[in-house]
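See below for the structure under consideration.
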Amino acid sequence: MLWIYVAVGGALGSLARHEVGKAVARVSPTHVTPYATAFVNLTGCFVIGVLAGLVATHRVTMGPGVRAFLFVGILGGFTTFSSFGLDTFSLVHGGRPAYALMNALVQVVAGCALVAAGYFAAAR
């Protein structure tokens with residue numbers, strides 16, 4: 001039964017990711033740096049940190065279905081790390097290795113920092 005929660009959450013997360021990507025692309029000054037994927041990944045990292053912090057401090061309790069729906073489904077569909085890999089590869093392949101390195105460093109380092117920030121903000 002959990003697979004239904006994951007599937008529905010994944011569909012919703014993927015739709016949300018698509019709409020956010022379109023919105024960011026409309027205001028993005030350039031297509032050289034993948035702003036939409038960075039925005040989605042970093043936002044998702046913060047949200048998962050907040051949720052993990054709330055659960056860890058017992059301020060929010062979630063059954064297995066809700067947990068699967070939110071963490072695996074919605075956030076799994078929303079935070080498209082595979083798009084991050086493809087964007088980074090495309091920058092290297094397109095002759096922009098410095099942008100690829102900047103993209104990888106910003107998303108990985110800031111993503112981890114935002115997971116921690118979300119966790120500690122929620123755990124207060």
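The numbers here are math on the coordinates, done by the rules we state, and not lab data. What you see is a predicted model; the values in this text were computed from it and never measured. Every residue, glycine among them, receives a Cβ derived from its backbone with ideal geometry; neighbour counts consider all protein chains shown.
Some points to look at:
- Counting only alpha carbon atoms, the long axis of helix 97-123 and the longest principal axis of the chain meet at about 20°.
- Centre-to-centre separation between the Cα atoms of segment 92-124 and those of segment 35-55: 11 Å.
- Burial order of peptide ranges 19-27, 37-45, 116-124 (average beta-carbon count within 10 Å, highest first): 37-45, 116-124, 19-27
- Structure-based [θ]222 nm, the chain - -39500 (n - 2.57) summed over DSSP H runs of at least 4, per residue, nearest 500: -25500 deg cm²/dmol
- Across every pair of non-identical alpha carbons in the chain, the mean reciprocal distance, once inverted, gives a Kirkwood radius of 15.2 Å.
- For the chain, the Cβ-based charge dipole about the Cα centre amounts to some 160 debye (Lys, Arg positive; Asp, Glu negative; other atoms uncharged).
- Tilt relative to the chain, helix 2-27 - C-alpha long axis, 0 to 90 degrees, to 10: 40
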